[in-house]
Amino acid sequence: MFTRYFRASALAFGLCLMASAVPAFAVTQIPQPLTLDAALAWAQQYNPAVRAARLQVERLTGEAIHADVAVPSNPRVELEAGQRSSRLQDSTDIGVQVSQELWIAGQGGLRQAAAESDVGAARADYAFLQASVQARTRAAFLSRLVAQRAVDTARQVVDANDKLATYAQKRLDAGAGTQLEANAATLGQSRAQALLARARNRARQAGLVLNDLLAIDPQRRLAIKGDLGFAPLDLPTNEQLLTRAVARRTDLNAAAQRVVAAQKRLSLAQRQIIPNLTVFGFYRQEADGKGSGGEDITGVGIGFDVPILHRYAGERKSASAQLGQAQLEQDNLQREVRLQILAGISDYDAASQQVAALNDAILNAAQQTLDLTRRSFAAGQVAAPAITTAQNNLIAVRQDYLNALSALIAAGTDLERATGGLVVMQSADNSSEPNQ
């Protein structure tokens with residue numbers, strides 16, 4: 001009976017451990033079909049980098065609480081007892097001492113200020129990471145839509161070439177066509193199949209990237225729903241955008257906070273040469289060795305370390321180097337932000353022009369050209385070279401169109417990240433929502 005009870009208890013305990021080991025997001029079901037807004041909200045909650053940044057803020061907040069203390073340490077209580085021995089009688093001396101170390105040069109305030117600046121930097125980094133992950137998730141979601149579009153158009157290319165190859169073979173079998181025509185049609189059919197295989201692989205890779213950002217099983221296939229039409233961005237002048245974006249980039253604020261923290265730590269290192277003061281009070285009872293009560297002694301005193309052997313030169317040098325490093329990183333980031341914004345504007349303008357030039361109408365025209373060529377071929381008006389030309393044109397236009405869409409998504413993502421979420425691409429059905 002005891003054995004059965006023990007096994008049942010062990011099983012229940014094991015199930016509890018397994019349940020506690022499963023992350024909360026594994027229980028929550030991701031919306032299906034997944035929209036862009038739902039994907040962005042999910043990534044903000046469950047993306048591993050965002051979750052790690054939240055934990056970093058919590059950790060540094062705890063360290064700041066520890067740094068915000070009025071004195072360097074807790075009070076210290078010391079008890080002592082000593083045995084007196086004489087030829088007449090043995091006796092015992094007892095004593096109690098209570099001591100407390102005190103800040104003497106404002107070190108406590110400097111520690112607190114440095115820790116609070118670290119927390120501020122972590123929070124600013126967290127805010128920028130949220131904007132960055134949002135931009136990356138948007139790009140991954142839209143890239144998945146482009147990959148689906150690529151598969152759909154590749155199937156259309158395959159279907160058109162299959163029809164052409166079938167007709168060319170019938171003409172050859174009937175003695176009305178040539179082997180050159182049949183070979184050209186078969187070649188186009190093979191190229192279309194290879195195109196479809198590449199498009200399917202691209203869709204799988206895009207799905208893996210999106211799943212990774214959403215922190216879900218890579219093997220899970222998500223059904224997504226969205227529109228690939230984009231409303232043009234109404235961008236201000238370059239200088240206006242630079243000014244507003246720099247003010248919005250919270251990672252710049254984080255860099256400034258790290259400089260402040262390094263400055264406080266340098267001041268703290270410079271003041272370490274000033275020793276803290278320890279004050280104490282004591283009580284002692286000394287026996288006289290003759291059997292009487294002896295004497296009671298009370299008093300106070302002070303103590304401090306003498307900075308002779310350790311002058312804290314290494315700490316000052318290290319803190320000075322850390323300050324220089326923080327200032328350098330701040331300067332580099334300010335320059336990098338301006339570069340990112342200007343490059344993003346240029347890439348977005350170029351990609352927008354490409355998408356405007358290569359739109360669905362152009363793709364449909366290329367498809368129609370191949371269909372007309374097939375009909376002309378059936379009527380005996382064109383030969384094999386015309387078939388190859390129409391096939392090449394359809395594949396090239398399709399690839400250029402998809403590349404232009406990918407470039408627009410990449411440029412929009414870079415610009416969104418570079419501006420800290422100030423500029424966001426909107427789908428055509430949300431074009432009424434202005435860019436900030």
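Would you calculate the volume per residue, in Å³, of the smallest convex hull containing every Cα atom of segment 114-264?
On the way: hull volume 28.4 nm³, N = 151.
Measuring per residue, one finds 188 Å³ for the Cα hull of segment 114-264.
Determine, from the Cβ-Cβ distance of ARG335 and SER190 and an R0 of 56 Å, the FRET efficiency 1/(1 + (r/R0)^6), rounded to the nearest 0.05.
Numbers: r = 51 Å, r/R0 = 0.91.
Taking R0 as 56 Å, the efficiency between ARG335 and SER190 is 0.65.
If you plug each phi of segment 236-244 into the Karplus form 6.51 cos²θ - 1.76 cosθ + 1.60 with θ = phi - 60°, what whole-Hz ³J(HN,Hα) values come out, in order, with x for Gly and Pro?
Each residue of segment 236-244 in turn: x, 5, 4, 5, 5, 5, 4, 4, 6 Hz.
Just report the Cα centroid separation between segment 33-87 and segment 132-181, whole Å.
Taking the Cα centre of each part, segment 33-87 and segment 132-181 sit 58 Å apart.
Any idea what angle helix 36-46 forms with the longest principal axis of the chain, computed on alpha-carbon atoms, 0 to 90 degrees, nearest 10?
So the helix axis and the longest Cα principal axis differ by about 30 degrees.
For a distance above 15 Å, tell me the whole-number percent of Cα pairs in segment 83-172 that qualify. Don't jump to the answer; show the numbers that get you there.
Numbers: 3304 of 4005 pairs.
Tail of the P(r) past 15 Å holds 82 percent of the pairs.
Kindly express, to the nearest 10 degrees and within the range 0 to 90, the angle between helix 2-21's C-alpha long axis and the longest C-alpha principal axis of the chain.
Compared with the principal axis, the helix lies near 70 degrees.
How long are the semi-axes of the equivalent ellipsoid of segment 172-231, taking √(5λ) for every eigenvalue λ of the Cα gyration tensor, in whole Å from largest down?
Details: eigenvalues 340, 41, 15 Å².
Values for segment 172-231, descending: 41, 14, 9 Å.
Principal axis extents for segment 280-370, Cα atoms only, whole Å, descending order, please.
Principal-axis extents of the Cα atoms in segment 280-370, largest first: 124, 29, 19 Å.
Can you pull the percent of the chain's accessible area that's carbon plus sulfur, 1.4 Å probe, other chains left in place? Display every interim value, and only then the final one.
On the way: 13450 of 24630 Å².
In the chain, the share of accessible area belonging to carbon and sulfur is 55 percent.
What angle, in degrees between 0 and 90 and rounded to the nearest 10, separates the Cα long axis of helix 48-67 from the longest principal axis of the Cα atoms of the chain?
That works out to roughly 20 degrees.
Rg/Rh for the chain to two decimals, with Rh computed the Kirkwood way over all alpha-carbon pairs. It would help to have the intermediate numbers written out before the result.
Numbers: Rg = 37.3 Å, Rh = 29.2 Å.
Radius of gyration relative to Kirkwood radius: 1.28.
Positive end of the dipole of segment 79-225, charges at C-beta (+1 Lys, Arg; -1 Asp, Glu), about the Cα centre: which of ALA139, ALA122, LEU180 has its Cα farthest in that direction?
With unit charges placed on the Cβ atoms, the residue in question is LEU180.
Longest exposed-loop-site-free stretch of the chain, with trypsin sites (Lys or Arg not before Pro), DSSP loop and at most 15 other Cβ within 10 Å? Spell out each step's value before the answer.
Values: sites that count: ARG87, ARG220, ARG221, LYS225, LYS290, ARG311.
Segment 88-219 is the longest.
Tell me the label-point distance for the pair ASP296, ASP217, using the 7 Å Cα-to-Cβ offset, in nm and rounded to one decimal.
The answer from the label model is 7.7 nm.
Cα centroids of segment 262-334 and segment 343-358: how far apart, whole angstrom?
62 Å
Need the C-alpha centroid separation for segment 208-234 versus segment 390-427, integer Å.
Here the two parts' Cα centres lie 15 Å apart.
The values are calculated or read from the model by the stated rules, or taken from the named source; none is laboratory data. Please read all numbers here as calculations on a predicted model, not as lab measurements. Backbone-built Cβ (ideal geometry, glycine too); neighbour counts: all protein chains shown. The area values use the complete protein model at the heavy-atom level, side chains included, leaving out ligands, DNA and RNA. Shrake-Rupley method; radii C 1.70, N 1.55, O 1.52, S 1.80 Å.
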